[in-house]
Amino acid sequence: MVNSVEQAMVRVSQTPPYLVILTGSRQNWSRTLVSQLRDHVNASNVTIVALTDVHAPSWQHQEENPGLDGFLVKPLSVDVLASLVQSAWARQTYCSA
């Protein structure tokens, strides 16, 4: 977990992730941030999703969020999170092969 864009960029440069979950307001996961993340990692292998609140449905504005692979709505169940992690891992593993 990181608390700033700078920390995120350092972390993904050191160890490219297979899954990034962005939280906070839409301004925190702007096009610029998603673009920077995609530039620092293999764009086809990392899964980037945004966590949004059911009362602030950001997924309705998906066209305003290019680069995101999808949205998660709070509250998350353990099953949904486990499925997402497995899917992201499989995507990275099989896209790299």
**Request:** Could you sort 71-77, 1-7, 47-53, 87-93 so that the peptide with the highest average Cβ count within 10 Å comes first and the rest follow in order?
**Result:** 47-53, 87-93, 71-77, 1-7
**Message:** At 7 Å along Cα-to-Cβ for each site, give me the label-to-label distance between ALA82 and THR32 in nm.
**Reply:** 4.0
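Since every read-out is calculated from the coordinates, none of them should be taken as a lab result. Because the structure is a prediction, the values reported are computed rather than measured. All Cβ positions, glycine included, derive from the backbone under ideal geometry; neighbour counts span all protein chains shown.
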